[in-house]
Amino acid sequence: MKTFEYPQSAAWFQRAVQVIPCGIYGHFSPAPCPPVSAYPFFGARAKGARFWDVDGNEFIDYMCAYGPMILGHGNPVVDEAYQAQMREADSNSIASTRMVELAEYLVDLVPIADWAFFAKNGADVTNYAVMIARAATGRSKIIGIQGGYHGTSPWMQAPGHHGLIEADHQHVIRIPWNDLGTLEQAINRHANDVAGFIATPYHHPVFADSELPADGYWSSVEKLLRKHGIVFIIDDVRCGFRLHMGGSCEHFGFKPDLICFCKAIANGYPISALVGVEALKSAAAKVFHTGSYWFSAGPMAAALATLQELRRLDAPNLLREKGRKLNDGLVRIAKSHGYTLKVTGDPGMAYYRITEDPSLMLHQDWCAECTRRGAFFTSHHNWFLSTAHTDEDFQRTWDIADAAFEGVGSRD
Ligand SMILES: Cc1ncc(COP(=O)(O)O)c(C=O)c1O
């Protein structure tokens with residue numbers, strides 16, 4: 001099987017580092033995907049479940065832009081809704097009625113939602129949620145989960161990252177996932193000063209297995225937070241509309257006060273949303289939070305079309321079914337080469353790890369060898385499926401995975 005080379009990507013990267021810090025920053029940085037020589041850096045085009053890099057190499061996309069492309073690249077229904085709106089108006093000097101329609105749609109779709117608010121990125125709405133919690137309670141502290149990610153604002157970044165100061169974390173308490181005892185202790189230690197608790201619906205850190213909520217975890221958390229008047233925030237930026245159309249809390253059977261959505265909400269068009277309960281509506285109205293592009297109507301039209309399509313397709317169940325099929329095949333192929341591929345998290349956005357090598361180097365090597373052959377796999381992050389992934393894509397991926405294990409094995 002042919003392995004790819006990336007001379008054009010490398011040449012563009014040389015140009016990039018001259019004028020852009022790190023060349024490519026943030027989650028698209030090549031750094032977490034070793035060896036970097038196995039990965040393309042710059043894309044040229046994308047369609048459905050595939051993308052092509054600047055060297056013309058074709059990849060089956062298992063990252064879906066790190067989550068947004070839930071219906072696949074260039075979905076015609078969503079693109080047409082977006083373009084129709086763009087022909088009318090996008091960033092105008094007054095608000096668009098698409099905003100009202102989208103809020104009405106979310107209030108209808110998400111059981112806990114009595115109102116909705118729109119921004120651009122996930123961090124815009126996780127920040128807003130925390131501000132609402134503080135405004136509503138008059139308290140300071142926010143409890144979050146160790147290894148949980150809610151965006152790049154200073155309070156959300158892990159302590160020790162460059163550019164942070166101690167004060168950024170002064171009011172943030174990090175506790176282990178699935179640990180009720182520590183949550184209770186943190187609440188008691190800061191009696192009457194905990195404004196909010198923020199967590200993802202299940203734990204999906206990088207470089208580590210995903211962990212589902214333990215039986216009874218969410219109902220106990222909900223009870224505890226209610227007892228102490230603490231605002232319950234679910235960061236559904238990554239999982240939202242992948243686990244359940246009503247918010248991932250519906251999948252796990254609990255009711256938060258605020259839910260943050262982004263990524264899959266508009267199939268790649270830039271928009272995020274915060275939805276919340278009636279009791280927090282007046283606090284939300286008092287908090288000043290806005291941005292230059294937060295009223296752009298094109299992405300709102302795209303979000304409406306995306307949500308309607310996801311509902312029509314019963315996307316969460318479809319993605320789960322596709323995920324199970326892909327994962328069973330990969331696990332079987334790994335086994336045939338004498339390896340154990342551990343799959344954790346929801347099947348349609350699972351995290352994978354070859355367990356024989358705890359250093360993750362073998363796993364990184366296998367992901368790199370798959371990527372070089374056309375299945376775009378990262379080794380440190382959960383993958384994402386789209387409704388556009390087909391059985392043919394999976395068969396090709398299994399063939400690649402098989403060949404990649406031989407590639408890995410031949411260097412042992
Ligand atoms: C769970 C979670 N919350 C928040 C964010 C931040 O979103 P954004 O990068 O759009 O600000 C992310 C991004 O990956 C995320 O996965």
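The values are calculated or read from the model by the stated rules, or taken from the named source; none is laboratory data. All of these numbers come straight from a predicted model, not from anything done at the bench. Note: ideal-geometry Cβ built from the backbone for every residue, glycine included; neighbour counts use all protein chains shown.
Observations on the structure shown:
- Screening the candidates A89, A95, A81 for the property of being in contact (Cβ under 8 Å) with a residue 24 or more places away in the chain, more than 30 Å from G246 (Cβ to Cβ) and not assigned by TED's automatic domain parsing to the domain that holds Y352 yields one hit, A89.
- Test: residue in the range 82-101 that is more than 16 Å from the ligand (Cβ to nearest atom), of a type in the set (G, A, S) and within 14 Å of H389 (Cα to Cα): no
- When the range 234-264 is filtered for residues that are of a type in the set (A, V, I, L, M), farther than 16 Å from G348 by Cα and more than 11 Å from the ligand (Cβ to nearest atom), the ones remaining, listed by number, are L258, I259.
- Checked against the criteria, G163 does not count as outside any helix (DSSP H, G or I), within 15 Å of the ligand (Cβ to nearest atom) and either outside the structural domain of G26 (by TED's automatic domain parsing) or at pLDDT below 95 (or both).
- Residue within the range 288-306 that is in a strand (DSSP E or B), in contact (Cβ under 8 Å) with a residue 24 or more places away in the chain, buried (at least 24 other Cβ atoms within 10 Å of the Cβ) and more than 16 Å from the chain's Cα centre (by Cα) present: no
- Restricting attention to the range 89-124, the residues being polar (S, T, N, Q) and either buried (at least 18 other Cβ atoms within 10 Å of the Cβ) or out of contact with any Phe, Trp or Tyr (no Cβ under 9 Å at 6 or more places or on another chain) (or both) number 4.
- Some residue of the range 28-48 being touching a strand residue (DSSP E or B) at 6+ places or on another chain (Cβ under 7 Å) and of a type in the set (A, V, I, L, M): yes
- Positions within the range 307-358 being closer than 23 Å to G74 by Cα and outside any helix (DSSP H, G or I), in sequence order: D314
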